[in-house]
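Input: a single structure, listed below in structure tokens.
Since every read-out is calculated from the coordinates, none of them should be taken as a lab result. The structure presented is a predicted model; accordingly, all values stated were derived computationally and were not measured. Please note: Cβ atoms are built from the backbone with ideal geometry, for glycine as well, and neighbour counts cover all protein chains shown.
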């Protein structure tokens, strides 16, 4: 297949081949004020057993990407272009019935524990068993509960709490339960949407560790969505930085962290405090995100970019290929 | 389990509240203009009987002694003698209580279940014609004046069409017939119950429907619905298993809050349809100045409302694990 | 955050920031766009006109007086005619003038009782919410007890003891009984307002409790209080009507409930639809219109209920 070089960066992944390929995805929301282009031409691919971190501030479109993958957009959401190839099949072309079989079974989702992601009037074990029984119809309830028990052990949850209700769990336990539920059908891909936000730091760290271990053990691909780039660096092989609906930098974790090129990425890294290393001033990023209903003509970051030039405002920049795995959406980011 | 503790706690509250009502009624009776003796003693009684009654009820004693006597009598179930019937009040009200409970409970349960079921459907098809008609219908029936609705129903279905009897709970012929079996009798009661039940049902199902509908719409925005959808459940499963159970909770609360209002309606319905229940006895007793009967009927109705409240609260606690655990 | 959490914050923010006139204007535009609001208000205006016009027929001719008007030619219930647009009741009195007078009574009863209920409920709710602790518990226990009482039946009992009740006594009792519902809501609102930054700021600036209550909390609580007043009006009207229907109303007042009582007790139920239908329709419609107005107001106060256009 011939494809413009800038949109198809990563060739064969290190293990097992390509699991997911997103190509020119365009998603938006119909609002009273117009069509809001939340995701405007995003492309990346993910290999089997690999993890990708999607980072960006609120409203940059990362959650929308996650939702679009499962076709879980709200009623006013609309996919306007692109393809989502999951094991070679375009998810955007599938009917609702087919999607229902794919959901959770092959692609699962981990939500924030702080959300009301668990049904308050249903026991935790029932909710997890429900996921199992929906996709493995031949199993009996007892077998499903046995599996739930196994999952509990896997995520370090006390088995005697299986019959409890969600409100009886602490924040960390709820998050683990949500993770257990996501693993219930042994999916190939898990999308984790801010899974550690609103947890205290220690628990956060534990969960990230456990997530990483699980991922390596079970060989599941993960897309980790977060606004916190430091978390993502811990867990993910590749990192994609998003801004205002566009992917602005993409590379392996070493490349993005060690050699951030896009000014937004640099600003993101500079605005996070570190315990080690030299003392720096925290640098807030001035300005506001551009309107997504009438996006600017040129680079979307130019209003806040310290190096913005005239060309930046007039034309959307091309992808700059820095290495076979590292690319950045900018003309002036040579080094 | 905590549920029992909860029930016990609520029952104690009921006793306390009932006590307060009892006392309030006592004070009201003594404070009203006129002679308390006259009120409790049937004018047609012989002087000796009257004297005996006065002694039993302690009507000439100082206030606090009267109060003690009053409470003692209440606990022993003695409310005096009805002027109109000439019988002890207790006999009358215990006879009428089941009729009220039959009508009232059936109406509440039926209208709640229907409201929940239809409200669910209305929320599904929000904006469709079904929804619009259901909403309009609920609004219309909910705001109709109950006695008037009763009259209209009687006029159309009993008078004009002759499908149902105009008044009463039973047909004498059926019940006096020695050969009539239990089925025939039950059917007869049911036949008489249709219109009063229909009246109460129409008035009440609308509000449960509207509450359920808006509750469903709110619930469907919750995060766990998104989870359910992500799990690959069918829309039907999501609606019934996840949304409806949560959405029904405010409906239960609503039913509980409106119980006092409902019993007003129950009394009105009984009066218009001459259904021999306590509500009607109260109205009748008041109109006849039959104070002993009126007082007892009122207390019993208050008790019914209190106990119903407890039942609804317990039901809610059963349905919502966040309360129990 | 779930959408619900975001919307809740928005409600509180809106209340605290705008001047009340802006509030009102904005609220009005939302209210008038709502079909329920339009129809409800229209109906209320209609009933208001009826009430206002109730003085006219007796001025035209003494036989149109609702209670005591006597038509020299008619002494029984007769159907509609040019002389009597809605016919006459069993004593030959004009039904239309009774209907108009009933509108006046309905407004009087409804608004007075509701006003009383809301004043009481707001005062109690604010006190309980603001003062907290034992006062709060005491008041809420009291509210629980009063809420359990069936108002209609209680008025019946009072009537049994005190004889025929004057309309204003009825209004008073109704007003005294329906406050728990209002107070609960006001209390909840007060509790949440108490935590708001602007109240904190006032306290830091040295404002006394009374000042805080009247200047800061009350204005934000009033719209809610008004909303609940509309619902209370309907229940007040209905209770008075039911009382009159049963025969315990004020015999000197012509209300719609009284008219129904006459139809029923004189056995004209099946014979005189022109007499049976109008009062019942009026009671039902006025209840409906206040309810509609209340729902439209609800939408004004709670942005969550408005048509959603934004994406999350």
Exercise. What is the distance in Å between the Cα centres of the stretch B:200-216 and the stretch C:194-251?
Worked result: 26 Å
Problem set entry | MRE, 222 nm, helices only [DSSP H, n ≥ 4, -39500 (n - 2.57), over chain A, to nearest 500] | -8500 deg cm²/dmol
For this session: Return the calculated 222 nm mean residue ellipticity for chain C, to the nearest 500 deg cm²/dmol, obtained by summing -39500 (n - 2.57) across DSSP H runs with n ≥ 4 and dividing by the residue count.
Result: -23500 deg cm²/dmol
For this session: Report, to the nearest 10°, how far helix A:141-154 tilts away from the longest principal axis of the Cα atoms in chain A, using its own Cα long axis and a range of 0 to 90°.
Result: 50 degrees
Problem set entry | Projected label distance in nm at residue B:4 and residue C:265, using a 7 Å step from Cα toward the beta-carbon | 5.4 nm
For this session: Could I have the simple spin-label model distance between residue A:101 and residue A:209, label points 7 Å from Cα toward Cβ, reported in nm to one decimal?
Result: 4.1 nm
Seminar exercise, completed: For chain C, longest principal axis from Cα atoms; helix C:179-194 axis from its Cα atoms; angle between them, nearest 10 degrees, is 20 degrees
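Would you mind ranking B:96, C:194, C:133, C:271 by Cβ crowding within 10 Å, fewest neighbours first?
Fewest-to-most Cβ neighbours within 10 Å comes out as C:133, C:271, C:194, B:96.
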Exercise. How many nm separate the modelled label positions at residue A:87 and residue C:60, each set 7 Å beyond the Cα in the direction of the Cβ?
Worked result: 8.4 nm
For this session: Report the calculated FRET efficiency for residue C:53 and residue B:105 (r = Cβ-Cβ distance, R0 = 41 Å), to the nearest 0.05.
Result: 0.35
Exercise. Quick one: which of C:33-41, A:219-227, B:19-27 comes out on top by average Cβ neighbours within 10 Å, and what's the full order, highest first?
Worked result: A:219-227, C:33-41, B:19-27
For this session: Just subtract the alpha-carbon distance of residue B:160 and residue B:289 from 0.36 nm times their residue separation and send over the number in nm, one decimal.
Result: 42.9 nm
Problem set entry | Least to most buried among A:44, B:157 (fewest other Cβ within 10 Å first) | B:157, A:44
Seminar exercise, completed: Mean other chain Cβ within 10 Å across B:213-220 is 1
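Want the number for residue B:315 to residue B:257: 0.36 nm per residue separation, take away the alpha-carbon distance, what's left?
Going from the current span to full extension adds 19.5 nm.
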Exercise. Going by a ≥ b ≥ c, the root eigenvalues of the Cα gyration tensor, does the stretch C:201-312 fall in the rounded group (a/c under 1.5), the prolate group (a/b larger than b/c) or the oblate group?
Worked result: oblate
Seminar exercise, completed: Mean Cβ-within-10 Å packing, highest first, puts peptides C:94-104, B:284-294, B:159-169, A:80-90 in the order C:94-104, B:284-294, A:80-90, B:159-169
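Could you list C:24, C:177 in order of exposure, starting from the residue whose Cβ has the fewest other Cβ atoms within 10 Å?
C:24, C:177
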Exercise. Where the eigenvalues come from the Cα gyration tensor of the stretch B:171-325, what are the semi-axes √(5λ) of the equivalent ellipsoid, largest first, in whole Å?
Worked result: 41, 21, 14
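Let me check against my output: what whole-number percent is the relative contact order of the stretch C:58-150, with C-alpha pairs under 8 Å and at least 6 apart?
About 17 percent, as a whole number.
Inside 10 Å of the C-beta atoms of B:155-165, what's the mean count of C-beta atoms belonging to other chains?
The per-residue average across the peptide is 1.
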Problem set entry | Kirkwood hydrodynamic radius over Cα pairs of the protein assembly as shown, then Stokes diffusion coefficient at 4 °C and 1.567 mPa s, in µm²/s | 39 µm²/s
Problem set entry | Modelled FRET efficiency - R0 25 Å, residue A:156 with residue A:197, Cβ distances, 0.05 increments | 0.80
Exercise. Rounded, prolate or oblate: which fits the stretch B:123-197, taking a ≥ b ≥ c as square roots of the Cα gyration tensor eigenvalues, rounded meaning a/c under 1.5, else prolate when a/b beats b/c?
Worked result: prolate
Seminar exercise, completed: Calculated from DSSP helices alone, with each H run of at least 4 adding -39500 (n - 2.57) and the total divided by the residues of chain B, [θ]222 nm to the nearest 500 comes to -24500 deg cm²/dmol
For this session: Rank B:256, B:277, B:86 by mean-square fluctuation in a GNM of chain B with C-alpha springs under 10 angstrom and give only the top-ranked residue.
Result: B:86
For this session: Please state, as a whole number in µm²/s, the translational diffusion coefficient that the Stokes-Einstein equation yields for chain C at 20 °C and 1.002 mPa s, with Rh defined as the Kirkwood radius across alpha carbon pairs.
Result: 99 µm²/s
Exercise. If you line up the long axis of helix A:124-135 against the longest principal axis of chain A, both from Cα atoms, how many degrees apart are they, to the nearest 10?
Worked result: 80 degrees
Seminar exercise, completed: Dividing the mean separation of Cα pairs under 8 Å (6+ apart) by the residue count of chain A yields a relative contact order in percent of 21 percent
For this session: Quantify how strongly other chains surround peptide A:65-77 by giving the mean number of their Cβ atoms within 10 Å of each of its Cβ atoms.
Result: 2
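Relative contact order for chain B using alpha-carbon pairs under 8 Å, separation at least 6, rounded to a whole percent? Show your work: numbers first, answer last.
Working: 352 pairs, mean separation 82.6, N = 325.
Result for chain B is 25 percent.
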For this session: Round to a whole angstrom and tell me the spacing of the C-alpha centers of the stretch B:16-30 and the stretch C:40-83.
Result: 44 Å
Seminar exercise, completed: The alpha-carbon center of the stretch C:106-130 and that of the stretch A:210-262 are separated, in whole Å, by 59 Å
Seminar exercise, completed: Length gained if residue B:245 through residue B:52 is fully extended, taking 0.36 nm per residue and subtracting the Cα-Cα distance, is 63.6 nm
